[in-house]
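> Structure below; questions to follow.
The values are calculated or read from the model by the stated rules, or taken from the named source; none is laboratory data. Here the structure is a predicted model, which means the values were calculated and not measured. Cβ sites come from the backbone with ideal geometry, for glycine too, and all protein chains shown count toward neighbours.
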Amino acid sequence: MTFATWNLLFTGMVSSILLLNVVQWGIYRERIYGLYTLYMLAWLVYFSLRVDEINKYVSANLWYFVRASAPMLAYFVYFDFADALIQLQARLPGLFRLFRLAKAVIVSYLVLMGVLCFGITDWYGALYDTAHTIMRLLMVGLATYGIVQIRQLRGVVPRYIALGSSYLLAGGVVSMIMTMVHRSLGEPLLVMFAPLTYLEFGILAELICFTLVLGYRQRRGAIKSAIVEQRLARERERHQREQVEAELVTEKLQQQMSAMQMMALQTQLNPHFLFNSLNSLSSLIADEPVKAIRFVDEMSSVYRYLLRTNNLALTTLQTELTFIDSYYHLLKTRYGAGIELIKTVDESSLTCKLPPLTLQLLLENAVKHNIVSAENPLVIRFDTSPDGWLTVSNTLQRKTVNRANSTQKGLLNILSKYQLLGQPTPKVEETADAFIVSLPLIED
């Protein structure tokens with residue numbers, strides 16, 4: 001196998017690694033892949049011009065410039081590549097400063113080579129060879145020192161960087177030695193041992209190490225990202241669980257508060273009802289003792305219902321109407337022809353529910369705030385509608401004396417009950433001759 005054939009095989013392998021790296025660069029969009037791409041391109045340009053078939057199409061000046069500058073450009077990029085992988089500025093600040101100085105020297109060297117190859121007419125071969133040899137020796141010394149320093153760092157990445165750099169250093173040193181041996185003998189060596197072959201072996205081994213490092217780095221980054229994502233997922237689950245628990249606690253507190261408010265509202269009704277009933281009883285005892293006895297019986301029945309429903313949030317319309325019949329009997333006993341109750345309730349609505357004592361409170365308010373007399377009877381109506389509402393209306397004949405003292409506490413209690421139950425708000429309407437309250441019935 002000739003050197004040209006081996007060089008073609010070498011450039012093909014490096015090109016494959018280069019294409020893989022370009023794909024990763026396009027996927028991850030990281031600077032380090034761009035540096036690695038430039039590093040390989042510098043070596044590909046260098047070895048592409050070392051083949052006789054291509055060399056004959058290139059001017060001598062360009063050939064000498066590429067021979068001197070391409071490896072130095074590769075080393076220039078290598079310094080940034082190593083810093084990006086290992087964070088030399090933080091972990092090895094002395095080596096980082098040395099690399100920066102070396103980059104300045106390389107720039108000066110490239111300017112000198114540019115002037116020698118393109119800036120002047122005469123060719124100073126001795127100066128060119130001397131500068132080229134000095135730079136290679138400087139790079140060998142810097143690489144040796146850098147490898148020793150990087151090797152002291154812990155971790156897989158520094159170890160592989162030092163190993164890959166050692167392969168490049170060994171290949172470069174052997175290539176230099178073989179070149180000097182070749183020149184001293186003055187005759188060609190074996191084909192497979194051409195000086196540049198050793199450098200290519202070193203570069204290929206180095207690129208394999210660097211590619212493994214990038215793969216390891218990417219895999220480690222993916223693992224860290226997965227761990228962070230898992231932690232975030234657990235944090236989100238914990239936050240959601242705490243939020244649900246907080247919502248449950250809040251809902252429980254709201255339920256307890258609603259229950260206490262409901263009990264407070266119902267407790268507020270009981271003394272009010274008892275006070276009015278005793279007032280009615282007091283009037284009957286003096287005037288009609290026989291009716292008073294029956295009134296006591298009916299009142300005990302009514303109050304028994306009130307105590308039984310004190311802890312209930314809802315009761316059926318049928319149960320409430322049965323209670324209203326007893327309560328209305330007390331009112332009828334007291335007012336006689338002065339009060340009249342008309343019920344037009346659809347049977348399908350009897351199973352619907354509403355807060356207990358709501359109808360009793362509306363009847364009580366109607367009697368309290370309106371004139372009740374045989375000459376001008378107070379007519380109270382219960383009507384149901386097809387859309388599930390119960391309408392309680394009474395003829396409007398207000399007592400002008402008590403109107404200013406009305407606190408509307410009864411209506412506020414009813415509205416509060418429906419609000420606590422999360423039901424639609426009852427409607428209150430007053431016309432010229434009627435006072436109307438519409439209650440939403442709650443389906444079972």
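> So, of the residues in segment 68-83 that are in contact with a Leu (Cβ under 6 Å, 6 or more places away or on another chain) and closer than 12 Å to LEU38 by Cβ, which turns out to be surrounded by the fewest Cβ atoms within 10 Å (Cβ to Cβ)?
Per the criteria, the residue is ASP80.
> Would it be correct to say that LYS417 is within 22 Å of THR316 (Cβ to Cβ) and loosely packed, with under 13 Cβ neighbours inside 10 Å? Break it down into steps so the answer makes sense when it comes.
Numbers: within 22 Å of THR316 (Cβ to Cβ): yes; loosely packed, with under 13 Cβ neighbours inside 10 Å: no.
When the stated conditions are applied, LYS417 does not pass them.
> Another question about this same structure. Which count do you get for residues in segment 205-228 that are loosely packed, with under 15 Cβ neighbours inside 10 Å and hydroxyl-bearing (Ser, Thr, Tyr)?
Residues that pass the stated criteria total 2.
> Among all residue pairs at least 6 apart or on different chains, which show Cβ distances below 9 Å where the first residue, located in segment 430-441, is in a loop (DSSP other than H, G, I, E, B) and the second is among the β-branched types (Val, Ile, Thr)?
ASP433/THR395; LEU441/THR384
> Oh, and also: Look at segment 1-47 and say how many of its residues are in a loop (DSSP other than H, G, I, E, B) and loosely packed, with under 13 Cβ neighbours inside 10 Å. Give the derivation first.
Our first condition is that a residue be in a loop (DSSP other than H, G, I, E, B); within segment 1-47, this holds for 1-2, 29-30.
Of the ones still in play, those that are also loosely packed, with under 13 Cβ neighbours inside 10 Å are 1-2, 29.
Residues that pass the stated criteria total 3.
> Let me ask another. Look through GLN255, GLN360, GLN261 and report the one residue that is closer than 20 Å to SER438 by Cα and either surrounded by 13 or more Cβ atoms within 10 Å (Cβ to Cβ) or at pLDDT below 80 (or both).
Working: GLN255 fails: closer than 20 Å to SER438 by Cα; GLN261 fails: closer than 20 Å to SER438 by Cα.
Just a single option satisfies the conditions, and that option is GLN360.
> Would you check which residues across segment 277-318 are part of a helix (DSSP H, G or I), surrounded by 16 or more Cβ atoms within 10 Å (Cβ to Cβ) and modelled with pLDDT of 85 or more and list them?
LEU317
> Give the number of residues within segment 329-388 that are part of a helix (DSSP H, G or I), touching a Ser or Thr at 6+ places or on another chain (Cβ under 9 Å) and over 23 Å from GLN318 (Cβ atoms).
Number of matching residues: 7.
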